[in-house]
Amino acid sequence: MSGRDQDLAIKKTMEHRNQTDQAKQVKLPSQIERVAWTTRRAMNGALVGLEILTHFVGNRSELEIELSDQSGKSFGKFKERLSGNRFWTKIKVPSEAKQALYADVKLPKQGLQMKSSPMIILPAIEITNLNWSQDEARDGDLVKLSADVKGAADGESGEIEVWEYDSDGAHDFISRFPIYVKNNKVEAEWEYEYHEDRDEIPTQEELEKYGNRYNPPEYFFKVNICDHIVGNKQESKLLAFRDWFEILLTSGLKEPISDEPYVLYLPDGKTEEGKTSSEGRVKREKIQPGKIWIEFPCQFSLVVVENGIQVEGPDRGTPGTIPLQQLCFDNLNSPPADIIDINEDELYDADVSEEAEAGIDDYDPPEAARAVDFDEEKVVENPGEYKVANIYRVSGAMCHLAVMGCIIVCILTTNHELLNKDLDYILKDKQGNCLAGQSCDSIIYQDMVGIGEYELTINNQAFRVASSDNASDIEYIVYEP
């Protein structure tokens, strides 16, 4: 017994009145409660729903259904069986039916019969020429969708559904909005917005593992007027999602870096090379959406900056081999110890060459930084390599990348020898920001600083030094104890 039957049985039982201590049988009559179409109007050939509800009819009871139109013409009978006092099916409107369609339902065993209300039969509607106003769309684009309609009166309502295409047929529903026929046409505007995370779009490299190829998100739409639906076969053709991205490359947090070589690895597997603009920018329009790798082969370290604050990075690197002139990085605070294979005895016992001495004498200590080189015979190159500075971003966003440098200062005595003593120091940039630290075996190393000039103070002695984006650049100063 269905829930509706139980409720009705309880109601009838409560209405019964008789003496106590007596049994009385209450008969619950079978009945057809409802025979109804799921839509009020449909065209010839359309699929429509028919629902039948009953009370107190045995499960699997036989049904007879006969279809006829307004003229009384019969379009045949068919038999079905009830389940739980309910039956539902889809019926194709006969092509020859006119004006209205009726369903006459009988329960032969129970002797019950009910006829549905009429479902109005509309003239055949044709929906053709489904079109997007453009082949590609970016976030925020206002795209027009249109189709030609024949056989529907002006003002007839309908709807458009937008779907994301999937090659395996598992299309994803995106949006639905109403339309109205006007002058044998329907039109609508849809503001495109990508609805998922871009970094979830598989790249060509990721898909190749499974024998597939990169495919950007694509969309088609369906038009539905009076339950006549066109578009399931992508008659609208596919609208492709195209994206953009822009990079601002600066020295530290301020000065743009122009003519800087870069390599882009795009989601579809393509590679593009170029140089930053005079404003330090790399900008691309209408690119394939997804994950992008940006590579700057000539840079040492990159960080992502938002509102003047580092939010991501660094991803460190320089191309090629790294010379011993980077000195005792294994004793300092940032690069890992295994980067440099250094012979400290050779380094610290090294004498300054004649050219170096001449270079030092050309300066006026302590106001100027020293620029000299070690004896080349004492320099041993490391065969290892850093990867080039690169960073991963996604399309559809502006990204500020800052090139951060390092300061490497070698402290010499007035005799041009290494000062084997640890000294406290303060570095101050042009904005007055200060960094404090301590030298290590005659070396001051400070990484992740903006590119530019700094004032170095050691025990009230001031020197001008500069940071560099090249980890091989070393400043030399002569310190007077």
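Some points to look at:
- The phi-based Karplus calculation (6.51 cos²θ - 1.76 cosθ + 1.60; θ = phi - 60°) puts the 3J(HN,Hα) values of the range 413-428 at 7, 5, 8, 6, 10, 5, 8, 7, 8, 8, 10, 6, 9, 10, 9, 10 Hz, whole numbers, x for Gly and Pro.
- Summarising the label geometry, the points placed 7 Å from Cα in the beta-carbon direction at residue 429 and residue 78 lie 7.8 nm from one another.
- Take the Cα of residue 28, go 7 Å toward its beta carbon, and the backbone nitrogen atoms of the range 37-61 under 14 Å from that spot belong to 54-59.
- FRET efficiency estimate (nearest 0.05) - Cβ-Cβ, residue 268 to residue 460, R0 45 angstrom: 0.15
- Given 144/185; 77/115; 92/233; 79/115; 209/233, the pairs whose alpha carbons are separated by over 19 Å: 92/233; 209/233
- Karplus-based coupling profile of the range 276-281, in residue order and whole Hz: 5, 6, 4, 9, x, 10, with θ = phi - 60° in 6.51 cos²θ - 1.76 cosθ + 1.60 and x standing for Gly or Pro.
- Amide H contacts for residue 292 (H built 1.01 Å from N in the peptide plane; partners 5 or more residues away or on another chain; cut-off under 5 Å): 393, 394, 395.
- Computed from the C-beta positions of residue 283 and residue 213 and an R0 of 35 Å, the FRET efficiency is 0.85 to the nearest 0.05.
- If R0 is taken as 22 Å, the Cβ-Cβ distance between residue 229 and residue 166 corresponds to a FRET efficiency of 0.75.
- Shown in residue order for the range 123-139 are the 3J(HN,Hα) couplings computed by the Karplus curve 6.51 cos²θ - 1.76 cosθ + 1.60 at θ = phi - 60°: x, 4, 10, 10, 10, 9, 6, 6, 9, 8, 6, 8, 8, 9, 9, 10, 3 Hz (x for Gly and Pro).
- Shape of the range 243-299, Cα gyration tensor, a/c cut at 1.5: prolate
- Sparsely packed GluC sites (Glu not before Pro) within the range 75-137, loop by DSSP, other Cβ within 10 Å at most 16: 96
- Residue list for the range 54-91, given a label point 7 angstrom along the Cα-to-Cβ vector of residue 104 and an amide N cut-off under 17 Å: 63-80
- Packing, as the average of other Cβ atoms within 10 Å across residues, places the peptides 214-222, 403-411, 111-119 in the order 403-411, 214-222, 111-119, highest first.
- Label-to-label distance, nm, for residues given as residue 421 and residue 150 (7 Å Cα→Cβ offset): 10.0 nm
- In plain terms, the chain from residue 392 to residue 237 could stretch by 52.5 nm, reckoned as 0.36 nm per residue minus the Cα-Cα distance.
Any read-out appearing in this document is the output of simple, stated calculations on the displayed coordinates, not a laboratory observation. Quantities reported herein were computed from a predicted structural model and do not represent experimental measurements. Positions of Cβ are backbone-derived with ideal geometry, glycine not excepted, and every protein chain shown enters the neighbour counts.
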